[in-house]
Amino acid sequence: MADRLFIQQKVYKKTGLISKLILCVHQAADLILQLSSAPINEQDVSAFGTVFTNHMLTIEWDATHGWRAPLIRPFGNLSLHPGCSSLHYSIQLFEGLKAYRGDDGQVRLFRPMLNMERMIYSAKKTCLPAFEPSELLECIRKLVEVDQDWLPQSNSITLYIRPTYISTEPTLALTKPTRALLYVILSKVRSYAMMGLEDMCLWANTKYERTTKGGTGDCKMGCNYSWTLYALSEAKDYGCNEVLWLHGDNHQITEVGKMNIFLHWINEDGEEELATPPLDGMILPGVTRQSILDLTRQWGEFKVTERCLNMHQLCSALEQKRVKQMFGCGTACTVSPVGSIYYQGEHWYFPSQEKSSQLTTRITKELRDIQYGRTPSDWTYLV
């Protein structure tokens, strides 16, 4: 127990989450299992996030007793007080990661500790209590193990894992929560590549900003997503299917839709470069984003940078035919190429997928080979 507390103290000091450890820890060893008798649902999974597995994980917390024992129970509705502050003030956060069944039949998670660390950071900003990341990860592993029969040996089907963390404080007062619920649900999903989605057509809007420095853009919170539907509906008026989020008077490129963004180009100095906006407080530290940076830096074949990019640079590069490809990335889609951008009344088109897909095809293949166990890697976590 002393070793466990020492490790926890190191984690919380590193993240600035010092508090009474007895209130910040839940033990995976105390997990309670209540199995469902429901059969596996063979419903079509063409729509993302609509087919859920038989079980869910719930862990309750309150300021008096700390973390209660984790519970894996049959999937079902939650019971919340109508005055619950997560419903009124968006005191909540979530994560997204996937489980993959490899060619060897083994189920793997992909870099899940990065999700746990990001979740702790988001919890700090919402004043929700800290937790020990390895303990939560072990609970998630057990949940996936219980429902692993939902996951076939397929390159097109995965289990999407959605940890969610909400305040259950029953008050209309805006106050730091003394009650909270951490729960995890699983959804059987089909890969975006298998859904026949077209290259993105982006509305580079100068009207709305996704976030600003000092805000919550670097956190995985629902409040960052819900209002973007309004901008997306306007993007469709211009014939676009996603929004390119800009910031500031120089129209700095930040993110695309719900994804991080990369530009593969010949830069102003004549160098081949893969660039993505830096983590400056506005950008979500995506797991796929970090993995693409790590992979391409290992190749050592071209310059890989995290730096500010703006629309003037992009348009000039397109005009001078220096752009190879632009693409969004995230857990749900992995890599999603950009086909065109509508900016200040003008359409800008990117090189055709056939001519420019070599990089994204290679990135996607190398990531999938790791995720499915074809390439051994310490990025995977066995279930």
Here the residues within the range 58-96 that are small (Gly, Ala, Ser) and touching a helix residue (DSSP H, G or I) at 6+ places or on another chain (Cβ under 6 Å) are 66, 69, 90
Taking residue 164, is it among the polar types (S, T, N, Q) and farther than 26 Å from residue 39 by Cα? no
Identify all residues within the range 223-240 that are surrounded by 14 or more Cβ atoms within 10 Å (Cβ to Cβ) and under 20 Å from the mean Cα position of the chain (by Cα); write none if there are none. 223, 224, 228, 232
Just one of the numbered conditions (1) surrounded by fewer than 18 Cβ atoms within 10 Å (Cβ to Cβ); (2) free of Cβ contacts under 8 Å to residues at least 60 places away in the same chain is not true of residue 243; which one? (1)
Could you please tell me which pairs satisfy a Cβ distance under 6 Å, a separation of 6+ or placement on different chains, a first residue in the range 101-114 that is over 18 Å from residue 190 (Cα atoms), and a second residue that is among the aromatic types (Phe, Trp, Tyr)? 111/379; 112/381
Given the condition among the charged types (D, E, K, R) and assigned to a loop (DSSP other than H, G, I, E, B), answer yes or no: does some residue in the range 225-246 qualify? no
Being surrounded by 15 or more Cβ atoms within 10 Å (Cβ to Cβ) and part of a helix (DSSP H, G or I) narrows it down to one of 109, 87, so name that one. 87
Criterion first (assigned by TED's automatic domain parsing to the domain that holds residue 165 and surrounded by fewer than 22 Cβ atoms within 10 Å (Cβ to Cβ)) does residue 46 satisfy it? yes
Looking at residue 372, is it farther than 28 Å from residue 98 by Cα and either touching a helix residue (DSSP H, G or I) at 6+ places or on another chain (Cβ under 7 Å) or of a type in the set (Ser, Thr, Tyr) (or both)? no
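Which ranges mark the strands (runs of 3 or more DSSP E) fully within the range 269-356 that have 3 or more residues being more than 14 Å from residue 254 (Cβ to Cβ) and touching a Pro at 6+ places or on another chain (Cβ under 8 Å)? So that I can check it myself, show each step before the final result.
Values: elements: 272-276, 303-306, 323-330, 334-343, 346-349.
Passing ranges, in order: 323-330.
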How many residues does the range 193-224 contain that are at pLDDT 95 or above, part of a loop (DSSP other than H, G, I, E, B), aliphatic (A, V, I, L, M) and within 27 Å of residue 315 (Cα to Cα)? 0
Test residue 146 against the criterion of being of a type in the set (Val, Ile, Thr) and more than 15 Å from residue 370 (Cβ to Cβ), and give yes or no. yes
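Taking the range 307-326 on its own, how many of its residues are touching a residue at least 40 places away in the same chain (Cβ under 8 Å) and not basic (Lys, Arg)?
11
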Could we say that residue 374 is farther than 30 Å from residue 187 by Cα, more than 20 Å from the chain's Cα centre (by Cα) and in contact (Cβ under 8 Å) with a residue 12 or more places away in the chain here? no
Are any of the residues in the range 120-134 of a type in the set (A, V, I, L, M, F, W, C), within 20 Å of the chain's Cα centre (by Cα) and within 29 Å of residue 368 (Cα to Cα)? yes
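The values are calculated or read from the model by the stated rules, or taken from the named source; none is laboratory data. Worth saying up front: this structure is predicted, and the values here are computed from it rather than measured. Please note: Cβ atoms are built from the backbone with ideal geometry, for glycine as well, and neighbour counts cover all protein chains shown.
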